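These notes are about the structure you will find just below.
The numbers here are math on the coordinates, done by the rules we state, and not lab data. None of these values were measured; they are calculated from a predicted model. Cβ coordinates were reconstructed from backbone atoms using ideal geometry, including for glycine residues, and neighbour counts include every protein chain displayed.
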């Protein structure tokens with residue numbers, strides 16, 4: 001909560017948190033897809049090893065960044081470091097890191113919006129194959145492609161259900177769907 005005291009520190013911390021969430025999601029996606037393919041719990045062992053630290057990849061440069069950022073924020077909390085200085089240092093570390101997928105703009109202090117558009121996903125896949133460090137590139141590529149393959153598998157993805165959920169937010173159609181579901185239960 002220390003970062004809430006300064007917009008600049010919060011902005012920098014949010015980017016690091018987002019990176020952690022993105023990489024952890026790719027780890028989980030890869031483990032889930034592997035498990036579904038083989039139905040072998042051994043595919044989940046990597047997550048077990050990481051459990052004390054969440055699903056953050058066991059990749060030394062990522063762990064160093066997280067440790068450095070955590071230390072900086074603790075120093076701000078103690079009053080030993082100015083929040084603005086800490087935020088600039090965090091952003092500098094993000095810019096220097098070769099494992100931050102560039103399409104999401106996490107290392108760009110002028111970018112105040114992150115989302116996973118189709119174009120950004122495609123750019124991230126290309127980055128994963130060509131420019132990312134090998135371990136992160138494999139994680140990102142597998143985390144995206146295996147998840148998409150499994151997400152749209154006929155056993156897991158029911159088009160009619162997905163369309164119903166989407167249409168439920170539309171004013172006229174959604175009202176009808178909600179009324180039908182209420183009367184059916």
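Relative to the longest principal axis of the Cα atoms of the chain, the long axis of helix 134-151 lies at roughly 20 degrees. For the chain, take the longest principal axis of its alpha carbons; what is the angle in degrees between that and the long axis of helix 60-78, to the nearest 10 within 0 to 90? That works out to roughly 70 degrees. With 0.36 nm allotted per residue and the present C-alpha distance subtracted, the residue 46-residue 63 stretch has 4.6 nm of extension available.
Between helix 118-130 and the chain there is an angle of about 60 degrees, using the helix long axis and the longest principal axis of the Cα atoms.
Using a Förster radius of 41 Å, what is the FRET efficiency between residue 70 and residue 178 based on their Cβ-Cβ separation? Nearest 0.05, please.
Details: r = 45 Å, r/R0 = 1.09.
Between residue 70 and residue 178 the formula returns 0.35.
In the chain, helices alone account for a calculated mean residue ellipticity at 222 nm of -22500 deg cm²/dmol, with every DSSP H run of four or more residues adding -39,500 (n - 2.57). Note on residue 148 and residue 130: the model spin-label points, each 7 Å out from Cα along the C-beta direction, lie 1.6 nm apart.
A straight chain from residue 35 to residue 77 at 0.36 nm per residue would run longer than the Cα-Cα distance by 11.0 nm. Look at the alpha carbon pairs under 8 Å that are at least 6 residues apart: their mean separation over the length of the chain gives a relative contact order of 24 percent. Build a GNM of the chain with springs between Cα atoms under 10 Å apart, and of 128, 31, 168 the one that fluctuates most is 168. Residues 94, 139 in ascending order of nearby Cβ atoms (within 10 Å, fewest first): 94, 139.
Distance between the modelled labels on residue 114 and residue 138, one decimal in nanometres: 2.4 nm (7 Å Cα→Cβ projection).
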